[in-house]
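This report concerns only the one structure given below.
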Amino acid sequence: MIGKSQTDGVAGLRNAAILVALICLMPMAAVFLASLSGGSNTVVHLMETVLPRYTVTTFVLVILVATGTFMIGTGAAWLVTMTEFPGRKVLEIALVIPLAFPAYVLAYAYTHVLDHPGIVQASLRDLTGWGPRDYWFPEIRSLGGAALMLVLVLYPYVYLLARAAFLQQSVSSFLTARALGKSPWQAFLRVSMPMARPAIASGVLLAIMETIADFGTVAYFGVQTFATGIYTSWFAMGDRIAAAQLALGLLSMALVIAVLERASRGRAKYHSTSKRHEVMERIPLKGQARWAALVLCILPVLFGCILPIITLFTMGIGSEQNLLSKRYINLALNSVQLAGIAAVITVLAAVVLGYLQRVQRGVVSATTLSIARLGYAVPGGVIAVGLLVPFSYFDNTLDAWMRATFGVSTGLLFTGSIWLLVLAYMIRFLAAAIGAYEGGQATVNANMDAAARALGQTAFGTFRRVHFPILRPSLLTGLLIVFVDVMKELPATLILRPFNFDTLAVQAHRLAADERLEGAAVPSLVIVAIGLLPVLLICHRVGRQGR
């Protein structure tokens, strides 16, 4: 009887995972089929013109962002969890705040400050008497500028997952390395880093996928990547075949990155072999080291949060936007509603996919997980169009059949509701939730599963009683990441939102498109403020679980 219930539970889990994978595959299949309709002429033309430039620029941008997010996220996570220095408790929370910023909002803020007419260069010319051609100043509207904007808002992915992994580590291994004569730095590199590698790798992969899918930042800075090429081909030039073929190239790049990351990680799992989880006392830093740690942790907060907020607040002063108006309250409610629903559904889908891989490794679990990861690298607009085509066909076909058969119109059941938009969010950000889930799951000892099965627990019972208490910090992290990402998402919302259903991101886009950047700063600040609430909650909950 126990065996039958176990089998039924795994079968239900497998069916749910297949359903999620099919939903994720739908827009990608639509893009693939559209790319085949153009034949080889369009591909040859792209290879002779823009494809090499798109490839090189995207690759360089990925390398810069991956390096920056890894160094800032991992270093900051280690310092705030394992050492003691002035301001640590405040910085532990503050380091997450840039996650609430869309990268394109940071681009607006820093362009306002650092561009030629901005306050920095204007002040420099006033002080020195130089003309526009008498000095050199770093160009913010460049590949390096775009990489910097993305690093400042994406490093919290690595920070959150690495911090959760460090908090879940037992002191035994680290102290053993110290007893063998290793310095704290050597023990960190040889013990703590390998144990946290699954979480760190997941965070870096999320940052990479977000980078190759970013459109707002690179388009505003004039950096030509695959994402800008897709949007230019699809929406500006009306060449959907070329856009689909570029999107297929982007999908291929995402697949290669995911495969390489998984191959480098292998089947590594790290857990403590001690019988009880001991928490290590933080190492008190002394002398110059304590102030160096303070500076290293405060710089990402300063440039990723404090300076942009001051700039946006200055830009927003005197604008005609009224935050207390009924329109803005509705915009905020719409944004929070969408983000909350999408976050819960996305994390549940990630648990289904990740837990199936845990309890039944095989072709089905590996394939569904790989398919679900790809959505994060696909621009939101491409996912939206890929969903819009089949579901609009279904709505129209059903409506025509109901009219002919019963004389009743069903209207737009899917394309006229928010649920299609929620599906787009789930596809787009499922990889983020999976990364958070796997980062925590890697610390769960496999012997716990065997013990639960021996005691008669089903697959669901094992997850509820064994996995969930351990994974709670990682699942909360996944909820946070998806919630804030949905708050910032723009292209899919613009295409799939129902009539008269706008969000804060849509409002900011409309104002910025009209070159009313001062007005666009107001909804951008609201997005940051709303995203800050779950950031504070998750840091408090994770910190309490860890200590």
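Tabulated data
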{"read-out": "Calculated from backbone phi, Karplus (6.51, -1.76, 1.60) coupling profile of the stretch 86-93 in Hz, x at Gly/Pro", "value": "x, x, 4, 4, 5, 5, 4, 8"}
{"read-out": "Spin-label pair Leu22/His116, simplified geometry with 7 Å Cα→Cβ offset, distance in nm", "value": "5.7"}
{"read-out": "Chymotrypsin sites (Phe, Trp or Tyr not before Pro) within the stretch 56-134: DSSP coil, no more than 13 neighbouring Cβ in 10 Å", "value": "Trp130"}
{"read-out": "Dipole of the stretch 271-414 [Lys/Arg +1, Asp/Glu -1 at C-beta], most positive-end residue of Gly316, Cys305, Phe406", "value": "Cys305"}
{"read-out": "Vicinal HN-Hα couplings computed from phi for the stretch 435-441 (Karplus, 6.51 cos²θ - 1.76 cosθ + 1.60; Hz; Gly/Pro x)", "value": "x, 5, 5, 5, x, x, 5"}
{"read-out": "Stretch gain in nm, segment Arg464-Arg290, where the contour uses 0.36 nm per residue and the Cα spacing is subtracted", "value": "58.5 nm"}
{"read-out": "The stretch 362-436 - accessible surface per residue (Å², probe 1.4 Å)", "value": "37"}
{"read-out": "Computed E for Leu124/Ser325 - FRET, C-beta separation, R0 45 angstrom, nearest 0.05", "value": "0.70"}
{"read-out": "Furthest towards positive pole of dipole, Gly145, Leu161, Tyr108, structure part the stretch 57-169, Cβ charges", "value": "Leu161"}
{"read-out": "Residue-wise HN-Hα coupling along the stretch 410-417, computed from phi with Karplus coefficients 6.51, -1.76, 1.60 (Hz; x: Gly, Pro)", "value": "8, x, 9, 5, 9, 6, x, 10"}
{"read-out": "Assigned charges on the beta-carbon of Lys, Arg, Asp, Glu; the stretch 29-155 dipole about Cα centre (debye)", "value": "60"}
{"read-out": "Amide proton proximity set for Ala442, modelled H, under 5 Å, gap of 5+", "value": "none"}
{"read-out": "Amide hydrogen neighbours beyond the local backbone of Glu84, cut-off 5 Å, H modeled", "value": "Ile283, Leu285"}
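The values are calculated or read from the model by the stated rules, or taken from the named source; none is laboratory data. These numbers were taken from a predicted model, which means no experiment stands behind them. All Cβ positions, glycine included, derive from the backbone under ideal geometry; neighbour counts span all protein chains shown. What goes into the accessible areas is simple: the full protein's heavy atoms, side chains included, and nothing from ligands, DNA or RNA. Shrake-Rupley method; radii C 1.70, N 1.55, O 1.52, S 1.80 Å.
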